[in-house]
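Accompanying notes for the structure given below.
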Amino acid sequence: MAGTIALPLQDFIASLDNTTLPKILQVCSGVYFQGSVYEISGSEVCFSTGDLIKVIRIELQSVSCEDISNNEKFELPINHTGLFKVIPEEMPYSSVEEMLSLRPVGLESCLPFTFTSHSKMTFGPLTLGAGTVLTVLTIERHQGEEDQVRCHVKGQQEAAAEVLIPLKFHGEFYECESEECFTLQDIMSSPFLRSRRFHFINTTKYERPLILSPVYQVQAIMSLRKNVLRFPSSLEVDVVDVTDICKDVNFVTPLSLTEVMSQPDESFPVVVEILEAPETRSMFKCDWLPKLNKTEHLVLHKKGTTAMVLLSSLKSRKTSQYFLVSQQYGGKFRRRPREFNSVYELYVASTQAPDLKVSVTRNCEEVEEEGLPALSVGEQLQVVGCTRMELPCESSKEQKQSIETLLCHRLQEQDDDDDEEEVNEGSEKEEVLLPLYMQGHFVEALGDKKKYRLNDLGKEFSLPLDVKVVSRDTELETDPLFGFALRIEGAMLEPTIQASFPHRPDHCFEIPTQYLSMSVSFTKDPLPWPQDQPPKCYIERVTEVTDAFFYEFRKRGNSDETPPPRPPKRDLSSLKVTKKTSKAAKKSSKSKKSKHQPGSIPTEELSNLTLNDKRRPPAPPPPDNLNDEPPPIAPRKPDANMPKGKALPNTYVKIQQSQTKVPLCDVPADVESDHDYEIVDDSLVSMVKTAQENAMFY
């Protein structure tokens, strides 16, 4: 930095224009707020001594106004509509040329200009006295002659005249206040006007002198900054222009993966350095992700858009797995029947696959008041479409309710082809109405044994779709999908970057840019293969992802999915009628169920099979030889803390005594009784009672 001059950033930026950029500045000193970190419009800017800043653009944003009398500062927008007047300088000028040189560029457009002379002036026969006011009208230039200014002179009694004064005429001249007004745009566009003092016109608040300074928004590049840096030129930082010294300095510009996608195709292939590793590793489960560390290098082969599908393992597996698979995957699939746990799921699937056939996998009891039909295991249904039905009313006062239902045909299973033809000709298909809110268990009836490729499945069938991988992709070293029962959740067009590591440039993988956050910088390192001989790339087509990726995919794709309908609300006034008819409904439903299940338990026997049966056998009779006298009571241990006095009688013992005074021994035994009781020994009864009473005292 030898031989260079440090300037405040404000002054240096004000002396520039966009035609002279870029400029490389070095920070040499400054006043730092909050520990050398500036918070500017939400962006963090940090300047340290020795930092290099490459200024690429400046844009005028506002004007800083400083009141000279009290050093107060405020800012005005550049489109401020107020007007300003120049405050005349108190210093004298030695010549007319010196005085006019401080006028704005394009003097003719800023005329007239007024000044006075402190001494008398003589031009041939014409003499002007001291204090004469002269107004410059034009500048006259003639080739081979001295430049002159034509001035207007106002004499006594409103007399007026014009005089020619040479530009180099010497004397003691003072500038007069002009009636000329300027806008902020006019002042900021002229370096000469920016050096003058101004005051507002037509206001009383700002009659004091002001110094106006432009405030620019500076756009610059700093090494290892993610984005183009934007900061105001009013920062109190001293800088040095080192453009000539640092011409060959390479400013590292970090790029996100989204910014890499915006680079031209001619930029690839290229070797990049990882400046910031992926923020999270929860989206992908693959061998290349842990290797994306800081300072590592990658070869970016090309960018593009890849057609992918998201596969998930079925719920029958202990642990769920998810795979992001390219549609170029070479394995073959076979369709698997889907399972549905509600009529609404059946309805959604039928909208995507007409003439859907399913089998019932769990019995459903009929509930007439809610419109639920009886279904048995093994019954086959063919979905027709959605319709409406009215629920039966329990009373004439109750208003009928209309609900959405799924119309299905119950298919008859026939062993003989001839019988089947007779049934089809002689009888109509039985219709079944299933409310959309009904819970049920169904499985899709499939007769398709064909093998499909992944891209063919997407063309012929709607998603989601249950499949099984029956043949592996022979181009993969290991196929993690072979033998799996999977569900194709959805398809997507994903922007990807094909990349590889320099030590294995032919082993490529595709990085989904929307699901991975990292930053890289382009380098000038040579590509890891001979010039113009790129290797034949092997691309991984299967990437295992986490459940976080799956939920993010579902959140993006199914945000507008409507929930299933709720059951209708029943009229509370009809509860009594419902209770009376519920027994009859249960009997009818159980009788229908018994028809479908011949080996079922009868209703009366099933009601007796309860764990908490209240019909217990009666207790055994007491022994014959019971005395009215109570058993002996063991004495209590004396307590020192208890007050002396007569203790209250034991209420519990009294109650027991009152119960035992009944002469049960005089009751004759019922010889004809069906119960066979065992005679209890008297000594055993006495021992049990003594133990109970002793326990009561302790």
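The values are calculated or read from the model by the stated rules, or taken from the named source; none is laboratory data. The structure displayed is predicted, hence computed values, not measured ones. In this analysis, Cβ positions are derived from the backbone assuming ideal geometry, glycine residues included, and neighbour counts consider all displayed protein chains.
Quick one: in the range 236-258, of everything that is at pLDDT 90 or above and under 30 Å from the mean Cα position of the chain (by Cα), which residue is surrounded by the fewest Cβ atoms within 10 Å (Cβ to Cβ)? The extreme case among them is THR258. Residue count for the range 65-86 satisfying the condition of being more than 44 Å from the chain's Cα centre (by Cα) and surrounded by 12 or more Cβ atoms within 10 Å (Cβ to Cβ): 8.
Looking at the structure I just gave you, is SER427 loosely packed, with under 11 Cβ neighbours inside 10 Å and at pLDDT 80 or above?
No.
Are any residues in the range 109-156 under 19 Å from HIS170 (Cα atoms), surrounded by 14 or more Cβ atoms within 10 Å (Cβ to Cβ) and at pLDDT below 80, and if so, which ones? Result: PHE113, single match. Is there a residue being farther than 29 Å from VAL467 by Cβ, among the charged types (D, E, K, R) and in contact with a Phe, Trp or Tyr (Cβ under 6 Å, 6 or more places away or on another chain) anywhere in the range 301-309? Yes, the range 301-309 contains a residue that is farther than 29 Å from VAL467 by Cβ, among the charged types (D, E, K, R) and in contact with a Phe, Trp or Tyr (Cβ under 6 Å, 6 or more places away or on another chain).
Residues in the range 196-209 that are at pLDDT 85 or above and in a loop (DSSP other than H, G, I, E, B): PRO209 only.
For the range 456-477, the set of residues classified as over 14 Å from ARG335 (Cα atoms) and touching a strand residue (DSSP E or B) at 6+ places or on another chain (Cβ under 9 Å) consists of ARG472, ASP473, GLU475, LEU476, GLU477, listed by residue number.
Taken over the range 113-144, the criterion of being part of a strand (DSSP E or B) and without any contact (Cβ under 8 Å) to a residue 12 or more places away in the chain is satisfied by THR122, THR127. Summed over the range 259-301, the residues that are in contact with a strand residue (DSSP E or B) (Cβ under 7 Å, 6 or more places away or on another chain) and either surrounded by 14 or more Cβ atoms within 10 Å (Cβ to Cβ) or at pLDDT 95 or above (or both) give a count of 23. In the range 8-30, the count of residues that are aromatic (Phe, Trp, Tyr), modelled with pLDDT under 85, within 13 Å of SER234 (Cβ to Cβ) and crowded, with 16+ Cβ neighbours inside 10 Å is zero.
Does PHE340 count as under 24 Å from GLU475 (Cβ atoms) and hydrophobic (A, V, I, L, M, F, W, C)? Taking the combined requirement at face value, the residue does not satisfy it. The residue of the range 454-471 that is farthest from the chain's Cα centre (by Cα), among those that are more than 30 Å from VAL377 (Cβ to Cβ) and surrounded by fewer than 17 Cβ atoms within 10 Å (Cβ to Cβ), is SER471.
The residues of the range 457-490 that are without any contact (Cβ under 8 Å) to a residue 24 or more places away in the chain and within 30 Å of LEU406 (Cα to Cα), listed by number, are LYS459, GLU460. Just to be sure, is PHE340 over 30 Å from GLU266 (Cα atoms), in a strand (DSSP E or B), aromatic (Phe, Trp, Tyr) and in contact with a helix residue (DSSP H, G or I) (Cβ under 6 Å, 6 or more places away or on another chain)? Here the answer is yes, as PHE340 does meet what is asked. If you go through the range 164-195 and pick out every residue that is part of a loop (DSSP other than H, G, I, E, B) and aliphatic (A, V, I, L, M), you end up with 1.
Kindly check whether there is at least one residue in the range 87-108 that is part of a helix (DSSP H, G or I), modelled with pLDDT under 85 and under 60 Å from the mean Cα position of the chain (by Cα).
Checking the range 87-108: at least one residue is part of a helix (DSSP H, G or I), modelled with pLDDT under 85 and under 60 Å from the mean Cα position of the chain (by Cα).
Applying the set (1) touching an Asp or Glu at 6+ places or on another chain (Cβ under 9 Å); (2) of a type in the set (D, E, K, R); (3) in contact (Cβ under 8 Å) with a residue 24 or more places away in the chain to GLU276 leaves exactly one unmet item: (1). Against the list (1) of a type outside the set (Lys, Arg); (2) touching an Asp or Glu at 6+ places or on another chain (Cβ under 8 Å); (3) surrounded by fewer than 19 Cβ atoms within 10 Å (Cβ to Cβ); (4) closer than 21 Å to THR474 by Cα, the condition ASP506 fails is (2). Just one residue in the set LEU212, LEU193, LEU224, LEU229 is farther than 19 Å from LEU16 by Cα, of a type in the set (A, V, I, L, M) and either surrounded by 20 or more Cβ atoms within 10 Å (Cβ to Cβ) or at pLDDT below 90 (or both); that residue is LEU224.
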